[in-house]
Amino acid sequence: MKYAGLLVMPAGFFLTLAALALFPDPGRRIAFVLCGLAVEGLGMAVAVRGHMLPRGGSQP
Amino acid sequence: MVPSAAPAVSDAVFALTLALMLLAPMAIAGVALINTGLGRSRSAAQAMLGCLALIAVAAIVFAFIGASLTGSLGLKEVVLHVAGKPWSVLGLGPFLLRGLGAAAPQAQLAVLFEILAVAMLVLLPWGSGADRWRLAAGCASAAVLAAIVFPLASHWIWAGGWLAALGANFSVGAGFLDAGGAATVHVIGGLSALAVVWIAGPRRGKFPKEGLSTAMPGHNAIYVLFGCLLALVGWLAWNMAGAIIWVHAPLAALPGTAINTLLSASGALAATFSVTRFRFGKPDASLCANGWLAGLVASSACAAFASPVGSLFVGGVAGVFTPLLVEVLELALSIDDPTGAITVHGAAGLWGLIAAGFFAPQAGQLLAQLIGIAALLGFFFPLIYFLFALLNRFVPFRVDPDGERMGMDLHEIGGGAYPEFVIHRDESYR
């Protein structure tokens, strides 16, 4: 879980790169870029979830 | 104003920009004071010494390696050709800053701006790792940021990389705009802070088995608030110098940039003051300091483009979400960030970048800003996290439990910041 989310985030970045390379028209570009950001958000959410501590986790 | 081909700078502009850059370290001093004040008294000397050590390491590593990869001194660059377009991904200048003296004046100013920017960047995760992050690990992470992460970001965003060239190559606005370092310094610093907090873990006793998280207030509100005043001086200089160097703003636009910077911080402080007064019955000093700083960070992205009213709005929004997000990160997500750098620098920097997309005059600018944000979150954050996780295997980030109990001052540097004061033990907070 910890690393899965962080590995998903570059997939969103590559979606935005694909939007630039594949679509000259602004409408599709914006849609793809927003999808890329959504994938990154999903990855971040999974990473946050994976790093959340069980209560008492900071005790020595 | 939007970037254009870099014009040759006159002697007057060169002198003014250089003078501004000499004031910019006030922002670094302010952040160092804030970092120290928001940590605990038993770690104060280690926190301030760490600020100096990290700046020194970052400056040396950047001068030796990083500056050549940013490409600000010209020469060559690594260019990929994809879909018939050039994608400049890395600069290849001379190592050890050779040729700096013979470079064009604007290139010299760019390198000076970058070296100060990297000094600021490395302080942001240092504050978030306060009270448990070892000095050696902090220095090692500063070296990684200065050698790899910052040069890549600086080349992409400032020194003619593919994000800067989005406008020329793909007709997306004027390219990704970041005049004052909101992305290269603050968002990357905030994301580095998140990586450090996750890897090092929370402070001992921060999240007990039952009940809410333990409050561990900063030890000196005066350091924190005076740091905010110092930061204002530095930020004014930083935003004006950035506007000249990176978006080639005319001199007549600089007073507006300075006014926008102050208005953004003021709007943020007023908003945070109101939110904390409403929620807690009294304004909270450390959260107000966070709000002020969040307003300054947001202005880094858009002070050169926004109107005064727009700047007030940008700062106001930053000031509203800052105290709320600090609370959510701590209470709901178990993220122990003593200085709030993830919110103040990361989130406020992202908000400023989005706002710049609305205020810049070029059509399609918002899309360019979103593409830049996607690069920051989707490329730089995983890169930073995995580099730090790898580093943690060789130079452990977290101090041992005895050291944390004793305090970083005694454990790491053998003497306290306030030797005549009683040092609180962890049990004092329960």
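Just so you know, all these numbers are worked out from the coordinates, no wet-lab data involved. What you are looking at is a predicted structure, and each value in this text was computed from that prediction instead of being measured. Virtual Cβ from ideal backbone geometry, glycine too; neighbours counted across all protein chains shown.
With viscosity set to 1.567 mPa s at 4 °C, what whole-number translational diffusion coefficient in µm²/s follows for chain B from Stokes-Einstein and a Kirkwood radius over Cα pairs?
Roughly 60 µm²/s, to the nearest whole number.
Rounded to the nearest 0.05, what FRET efficiency is calculated for B:LEU18 and B:VAL89 with R0 set to 30 Å and r the Cβ-Cβ distance?
The value I calculate is 0.50.
Answer with one residue from B:TRP156, B:SER334, B:GLY319: the one whose Cα lies farthest towards the positive end of the charge dipole of chain B, charges on Cβ with Lys, Arg +1 and Asp, Glu -1.
Positive-most Cα among the choices belongs to B:SER334.
Residue by residue through region B:161-172, which ³J(HN,Hα) values in whole Hz follow from phi under the Karplus form 6.51 cos²θ - 1.76 cosθ + 1.60 (θ = phi - 60°), with glycine and proline marked x?
x, 5, 6, 5, 9, 4, x, 6, 8, 10, 6, 9
Given B:ALA140, B:ALA44, A:VAL33, which one lies farthest toward the positive end of the charge dipole of the protein assembly as shown, if we put +1 on the Cβ of every Lys and Arg and -1 on the Cβ of every Asp and Glu?
A:VAL33
Kindly give the semi-axes, whole Å and largest first, of the ellipsoid equivalent to the protein assembly as shown, taking each as the square root of 5 times a Cα gyration tensor eigenvalue.
Values for the protein assembly as shown, descending: 34, 24, 23 Å.
For the pair A:CYS35 and B:LEU80, how long in nm is the line joining their label points, each one 7 Å along Cα→Cβ?
2.0
Please list the non-local residues whose amide H lies under 5 Å from the amide H of B:GLY39, H modeled 1.01 Å from N, same-chain partners needing a gap of 5 or more.
Here the answer is B:HIS219, since their amide H atoms fall under 5 Å of that of B:GLY39.
Can you give the FRET efficiency to the nearest 0.05 for B:LEU331 and B:SER10, using r as the Cβ-Cβ distance and R₀ = 41 Å?
After rounding to 0.05, the efficiency reads 0.15.
Using a Gaussian network model of chain B whose springs link C-alpha atoms within less than 10 Å, name the residue from B:GLN106, B:GLN46, B:GLN362 with the highest mean-square fluctuation.
B:GLN362
Non-local amide H neighbours of B:GLU77 (under 5 Å, H modeled in plane, Pro and chain starts lacking H): which ones?
Result for B:GLU77 returns B:LEU92.
Apply the a/c threshold of 1.5 to the C-alpha gyration tensor of region B:1-140 and tell me whether it is rounded, prolate or oblate.
Since a/c reaches 1.5 and a/b is larger than b/c, the shape of region B:1-140 is classed as prolate.
In whole Å, what three semi-axes, largest first, describe the equivalent ellipsoid of region B:147-212 built from its Cα gyration tensor (square root of 5 times each eigenvalue)?
With the √(5λ) rule applied to region B:147-212, the semi-axes are 37, 13, 8 Å.
Size of the dipole of region B:11-416 about the Cα centre, Lys and Arg at +1 and Asp and Glu at -1 on the beta carbon, nothing else charged, in debye to 20?
The dipole of region B:11-416 has a size of about 300 debye.
Output wanted: per-residue J couplings in Hz (rounded whole) for region B:210-219, from phi through Karplus 6.51 cos²θ - 1.76 cosθ + 1.60, θ = phi - 60°, x for Gly and Pro.
10, x, 6, 5, 6, 6, 10, x, x, 8
I need the helices of chain B that pass two filters: whole DSSP H segments spanning 30 Å or more by Cα along the axis, and mean Kyte-Doolittle score no lower than -1.0.
Taking the DSSP H segments of chain B (at least 30 Å long, mean hydropathy at least -1.0), we get B:105-128, B:221-247, B:254-280.
Could you check how many percent of all C-alpha pairs in region A:2-51 are farther apart than 12 Å?
Pairs farther apart than 12 Å: 57 percent.
B:PHE386: net charge of surrounding residues, Cβ under 13 Å, Lys/Arg +1, Asp/Glu -1, itself excluded?
Once all neighbours under 13 Å are counted, the net charge is +2.
Please report, in debye to the nearest 20, how large the charge dipole of the protein assembly as shown is about its Cα centre when each Lys and Arg carries +1 at its beta carbon and each Asp and Glu carries -1 there.
Here the protein assembly as shown has a charge dipole of around 620 debye.
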